[in-house]
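S.K.: Structure incoming, see below.
The values are calculated or read from the model by the stated rules, or taken from the named source; none is laboratory data. These figures come from a predicted structure and were not determined experimentally. As a convention, Cβ positions derive from the backbone with ideal geometry for all residues, glycine included, and neighbour counts pool all protein chains shown. Accessible surface is based on the protein model in full, side chains and every heavy atom, while ligands, DNA and RNA are left aside. Shrake-Rupley method; radii C 1.70, N 1.55, O 1.52, S 1.80 Å.
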Protein chains: 2
Amino acid sequence: MMITPIGVIHTPYTALEKVPIQPCYSSGVGEIELFKEYEEGLRDLEGFSHIVILYLFHKSEGYSLTVKPFLDSDEHGLFATRHSNRPNPIGMSVVRLVERKGRVLQVQGVDVLDGTPLIDIKPYVPSFDHRDVVRIGWLEGKV
Amino acid sequence: MMITPIGVIHTPYTALEKVPIQPCYSSGVGEIELFKEYEEGLRDLEGFSHIVILYLFHKSEGYSLTVKPFLDSDEHGLFATRHSNRPNPIGMSVVRLVERKGRVLQVQGVDVLDGTPLIDIKPYVPSFDHRDVVRIGWLEGKV
């Protein structure tokens, strides 16, 4: 299936090595600019304090099925990590929606490269998206 | 960008009208079957009690920028809903990983149609993915 960008994410991070590894480590403010033809789809989004964004890891090139993640010195299966080089290089982040101005969303906690193509926005809803987690595998004690 | 399925999600839901609207309303057990060539990427995933799955809404046909969601009688902007008809029809769910048997994951809380194409698996990590939410817009009092 073809994926088409619906907008672009503007952040302070212009180089990969400066991007925070996850939004929880990022206090950076960014802007999500939705392309004009989709603006009507944002109606009522400002009622939500947090949103889920899906985007393309557009600098991703190929992938390995095992990787040594930033937070560990051991190799792990790719799907047990959030590494950006994936068969389908799609990233997901939960960010705080600070303000909506027309088709531009000011968000806090962005952890992506400046110019990242946006592919979807969904409201973040705790009863849908939050789980009381028992185990976080190799990340235990690291995050 | 082209998206290619990496597996298939088997669930008890063979008709759209029987699919729970969100995984939190679903106690159904399903199986995620990863295609053989990706199996190595699952290493260490069993350490995580919950995973995020991305999949294609493969029965989705076109979209409207405003929709009347199942949970409300008013129209809302598409991006303020989790409706399956979207410019990029990609769904996201957090499910409990019950057991891994090779390239088959037994999961609980699946809310998708049987045969749904899987496009990514990520570990669910509260410090990355959980936020203390203040506002959930039009869904307030409904979920």
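S.K.: Might you let me know whether region B:42-51 holds any residue that is in a helix (DSSP H, G or I), surrounded by 21 or more Cβ atoms within 10 Å (Cβ to Cβ) and without any contact (Cβ under 8 Å) to a residue 24 or more places away in the chain? Outline the logic, then answer.
M.R.: Just the residues of region B:42-51 that are in a helix (DSSP H, G or I), to begin with: B:42, B:45-47.
If we keep only those that are surrounded by 21 or more Cβ atoms within 10 Å (Cβ to Cβ) too, we end up with B:42, B:45.
If we keep only those that are without any contact (Cβ under 8 Å) to a residue 24 or more places away in the chain as well, we get none.
No: region B:42-51 contains no residue that is in a helix (DSSP H, G or I), surrounded by 21 or more Cβ atoms within 10 Å (Cβ to Cβ) and without any contact (Cβ under 8 Å) to a residue 24 or more places away in the chain.
S.K.: While we're here: Going through region A:70-96 one residue at a time, which ones are more than 17 Å from residue A:16 (Cα to Cα), facing chain B (nearest Cβ under 9 Å), in contact (Cβ under 8 Å) with a residue 40 or more places away in the chain and not small (Gly, Ala, Ser)?
M.R.: Pass one, region A:70-96, residues more than 17 Å from residue A:16 (Cα to Cα): A:72-81, A:87-88, A:94-96.
With the extra rule that they be facing chain B (nearest Cβ under 9 Å), the set shrinks to A:74-81, A:87-88, A:94-96.
Still in the list and also in contact (Cβ under 8 Å) with a residue 40 or more places away in the chain: A:74, A:76, A:80, A:94-96.
Across region A:70-96, the qualifying residues are A:74, A:76, A:94, A:95, A:96.
S.K.: Check whether at least one residue in region A:30-48 is out of contact with any His (no Cβ under 8 Å at 6 or more places or on another chain), among the acidic types (Asp, Glu) and under 30 Å from residue B:38 (Cα atoms), and report yes or no.
M.R.: We begin by selecting, within region A:30-48, every residue out of contact with any His (no Cβ under 8 Å at 6 or more places or on another chain); these are A:34-42, A:45-48.
Narrowing further to those that are among the acidic types (Asp, Glu): A:37, A:39-40, A:46.
From the residues that got through so far, the ones that are under 30 Å from residue B:38 (Cα atoms) too are none.
No, region A:30-48 has no match at all.
S.K.: Kindly evaluate residue B:64 against the criterion of being assigned to a loop (DSSP other than H, G, I, E, B), loosely packed, with under 15 Cβ neighbours inside 10 Å, out of contact with any Phe, Trp or Tyr (no Cβ under 6 Å at 6 or more places or on another chain) and at pLDDT 95 or above.
M.R.: Working: assigned to a loop (DSSP other than H, G, I, E, B): yes; loosely packed, with under 15 Cβ neighbours inside 10 Å: yes; out of contact with any Phe, Trp or Tyr (no Cβ under 6 Å at 6 or more places or on another chain): yes; at pLDDT 95 or above: yes.
Yes: the conditions hold for residue B:64.
S.K.: OK, next. Return a yes/no flag: does region A:81-90 have any residue that is over 16 Å from the mean Cα position of the chain (by Cα) and open to solvent by less than 10 Å² (accessible area, probe 1.4 Å).
M.R.: From region A:81-90, those over 16 Å from the mean Cα position of the chain (by Cα) are A:87; that's our starting set.
In the following step, the residues that additionally are open to solvent by less than 10 Å² (accessible area, probe 1.4 Å) were identified as none.
Checked against the condition, which is being over 16 Å from the mean Cα position of the chain (by Cα) and open to solvent by less than 10 Å² (accessible area, probe 1.4 Å), region A:81-90 yields no hits at all.
S.K.: Applying the selection to region A:21-38, what residues are within 13 Å of another protein chain (Cβ to nearest Cβ), buried (at least 16 other Cβ atoms within 10 Å of the Cβ) and modelled with pLDDT of 70 or more? It would help to see each step written out before you state the result.
M.R.: Restricting attention to region A:21-38, the residues satisfying the condition of being within 13 Å of another protein chain (Cβ to nearest Cβ) are A:21-26, A:32, A:34-38.
Those left that are additionally buried (at least 16 other Cβ atoms within 10 Å of the Cβ): A:22-24, A:26, A:32, A:34, A:38.
Of everything in region A:21-38, those that are within 13 Å of another protein chain (Cβ to nearest Cβ), buried (at least 16 other Cβ atoms within 10 Å of the Cβ) and modelled with pLDDT of 70 or more turn out to be A:32, A:34, A:38.
S.K.: Looking at region A:100-133, which of the residues that are part of a loop (DSSP other than H, G, I, E, B) and of a type in the set (D, E, K, R) is surrounded by the most Cβ atoms within 10 Å (Cβ to Cβ)? Spell out the reasoning first.
M.R.: Residues of region A:100-133 part of a loop (DSSP other than H, G, I, E, B): A:102-103, A:109-115, A:124-125, A:130-133.
Imposing the further condition that a residue be of a type in the set (D, E, K, R) reduces the set to A:103, A:111, A:114, A:131-132.
Values: A:103: 17, A:111: 22, A:114: 16, A:131: 19, A:132: 8.
In this case the residue turns out to be A:111.
S.K.: Right, another one. With at pLDDT below 95 and within 25 Å of residue B:11 (Cα to Cα) as the only criterion, which of B:94, B:104, B:52 stands out? Show your work before the answer.
M.R.: Details: B:104 fails: at pLDDT below 95; B:52 fails: at pLDDT below 95.
After ruling out the rest, the residue left standing is B:94.
S.K.: Can you say whether residue A:136 is open to solvent by 10 Å² or more (accessible area, probe 1.4 Å) and touching a strand residue (DSSP E or B) at 6+ places or on another chain (Cβ under 9 Å), as far as the supplied structure shows? Step through it out loud before you land on a result.
M.R.: Details: open to solvent by 10 Å² or more (accessible area, probe 1.4 Å): yes; touching a strand residue (DSSP E or B) at 6+ places or on another chain (Cβ under 9 Å): yes.
Yes; evaluated as a whole, the condition is true for this residue.
S.K.: Here's something else I'd like to know. Going by the conditions given, is residue B:67 more than 7 Å from chain A (Cβ to nearest Cβ) and more than 24 Å from residue A:49 (Cβ to Cβ)? Please lay out each step first, then the result.
M.R.: Details: more than 7 Å from chain A (Cβ to nearest Cβ): yes; more than 24 Å from residue A:49 (Cβ to Cβ): no.
So residue B:67 does not fit the description; no.
S.K.: Is it true that residue A:123 is closer than 14 Å to residue B:122 by Cα, within 7 Å of chain B (Cβ to nearest Cβ) and not hydroxyl-bearing (Ser, Thr, Tyr)?
M.R.: Details: closer than 14 Å to residue B:122 by Cα: no; within 7 Å of chain B (Cβ to nearest Cβ): yes; not hydroxyl-bearing (Ser, Thr, Tyr): yes.
So residue A:123 fails the test.
S.K.: Same structure again: Would region B:69-76 turn up any residue that is over 25 Å from residue B:114 (Cα atoms), polar (S, T, N, Q) and open to solvent by 30 Å² or more (accessible area, probe 1.4 Å)? Outline the logic, then answer.
M.R.: First pass over region B:69-76, keeping only residues over 25 Å from residue B:114 (Cα atoms): B:72-76.
Filter once more, so that each one left must be polar (S, T, N, Q): B:73.
Narrowing the set further to residues that are open to solvent by 30 Å² or more (accessible area, probe 1.4 Å) leaves B:73.
The answer is yes, given that some residue of region B:69-76 is over 25 Å from residue B:114 (Cα atoms), polar (S, T, N, Q) and open to solvent by 30 Å² or more (accessible area, probe 1.4 Å).
S.K.: With respect to the numbered conditions (1) surrounded by fewer than 16 Cβ atoms within 10 Å (Cβ to Cβ); (2) in a loop (DSSP other than H, G, I, E, B); (3) at pLDDT below 95, which one is the sole condition not fulfilled by residue B:13?
M.R.: (1)
S.K.: Within region A:100-108, identify whether any single residue is touching a residue at least 12 places away in the same chain (Cβ under 8 Å), more than 8 Å from chain B (Cβ to nearest Cβ) and in contact with a helix residue (DSSP H, G or I) (Cβ under 6 Å, 6 or more places away or on another chain), and answer yes or no.
M.R.: Of all residues in region A:100-108, those touching a residue at least 12 places away in the same chain (Cβ under 8 Å) come to A:100, A:102-108.
Now restrict to residues that are more than 8 Å from chain B (Cβ to nearest Cβ): A:100, A:102-108.
Pick out the ones that are also in contact with a helix residue (DSSP H, G or I) (Cβ under 6 Å, 6 or more places away or on another chain) and you get A:100, A:103.
Within region A:100-108, one or more residues are touching a residue at least 12 places away in the same chain (Cβ under 8 Å), more than 8 Å from chain B (Cβ to nearest Cβ) and in contact with a helix residue (DSSP H, G or I) (Cβ under 6 Å, 6 or more places away or on another chain).
S.K.: Among the residues of region B:40-64, write down those that are more than 8 Å from chain A (Cβ to nearest Cβ) and among the charged types (D, E, K, R).
M.R.: Within region B:40-64, B:59, B:61 meet the criteria.
S.K.: Also, I was wondering about something else. Can you tell me which condition residue B:115 does not meet? The list is (1) within 9 Å of another protein chain (Cβ to nearest Cβ); (2) at pLDDT 95 or above, and all the others hold.
M.R.: Every condition holds for residue B:115 apart from (1).
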